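One structure is given here, and the rest of the page talks about it.
Values quoted throughout were computed directly from the atomic coordinates according to the rules given, and no laboratory measurement underlies them. Everything numeric here is computed off the predicted structure, so don't read it as measured data. All Cβ positions, even for glycine, are placed from backbone atoms using ideal geometry, and neighbour counts span all protein chains on display.
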């Protein structure tokens, strides 16, 4: 639904600079290079762990470790941690844009009486809420399942089953739409849900086969509409 314009490496660097600026504003002598080094080491280790275990840890825990390694004396202060997390994500949220046609597809689907859910991997609920709020997308969804709240990540089947439970529907009457074969298509299959792979430009053929493949959001809407007739 949304995507950032700059590369992830650029946004990470800008985010770490923002964290350093925030901490210096709080009286801590922290250099951007140190934030880059420490957060890079911790997130590299965490990312590898999360991808293999499919477990998700809230960003407050991760940033407790980062602030501790940076020598910040108040490393367990939740307000300070929240400020650091928000500072890190500010450049990314500013950079994000919404894909053309998202609202034009979600709106008509809701008008058809369909219940819509969102299942996403994210270690920060605050960041996720800010991102949806930027574009006003939260109003379209009857259920929003975020990995940091549930404690597991896609493609873990519990992510999808929790969404089905909150929507009050069965897997047999549901369709999941996603642009990542492993996390989205495989995850939906793990929960017995049919899937539509929204194949973006440049994506290679997936080894995990979806039930349908769409090249645009308009095609996604047409596929779903065909299942209602």
The chain, relative contact order [Cα under 8 Å, separation at least 6], % | 17 percent
What is the distance, in nm, between label points placed 7 Å from the Cα along the Cα-to-Cβ direction at residue 130 and at residue 173?
-> 3.9 nm
Note the angle between two axes, namely the Cα long axis of helix 8-25 and the longest principal axis of the Cα atoms of the chain, as a number of degrees from 0 to 90, rounded to the nearest 10.
-> 40 degrees
In nm, give the distance between the simple-model label positions of residue 213 and residue 10, each being 7 Å from the Cα along the Cα-to-Cβ direction.
-> 3.0 nm
Between 0 and 90°, nearest 10: helix 217-228 axis offset from the chain longest Cα axis = 50 degrees
0 to 90° range, to nearest 10: angle between helix 32-53 axis and the chain longest Cα axis | 40 degrees
Taking only the alpha-carbon positions of the chain and ignoring solvent, what does the Debye formula give for the base-10 log of I(q)/I(0) at q = 0.09, 0.12, 0.18 Å⁻¹?
-> -0.42, -0.72, -1.38
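Evaluate E = 1/(1 + (r/R0)^6) for residue 61 and residue 116, where r is the Cβ-Cβ distance and R0 equals 22 Å; express this FRET efficiency to the nearest 0.05.
It comes out at approximately 0.10.
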Quick one: 184, 74, 201, fewest Cβ neighbours within 10 Å first, how do they rank?
-> 201, 74, 184
Sort 38, 119 so that the residue with the fewest other Cβ atoms within 10 Å of its own Cβ comes first and the one with the most comes last.
-> 38, 119
So, in nm, how far is label residue 100 from label residue 190 when the simple model puts each one 7 Å beyond its Cα toward the Cβ?
-> 3.5 nm
Sorted by mean Cβ packing within 10 Å, highest first, what order do the peptides 152-162, 202-212, 134-144, 53-63 take?
-> 152-162, 53-63, 134-144, 202-212
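Once the piece of chain linking residue 93 and residue 47 is laid out straight, how much longer is it, given 0.36 nm per residue of separation minus the C-alpha distance between them?
Full-extension gain reported as 14.5 nm.
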Distance between Cα centroids, segment 184-229 to segment 35-66: provide it in whole Å.
-> 30 Å
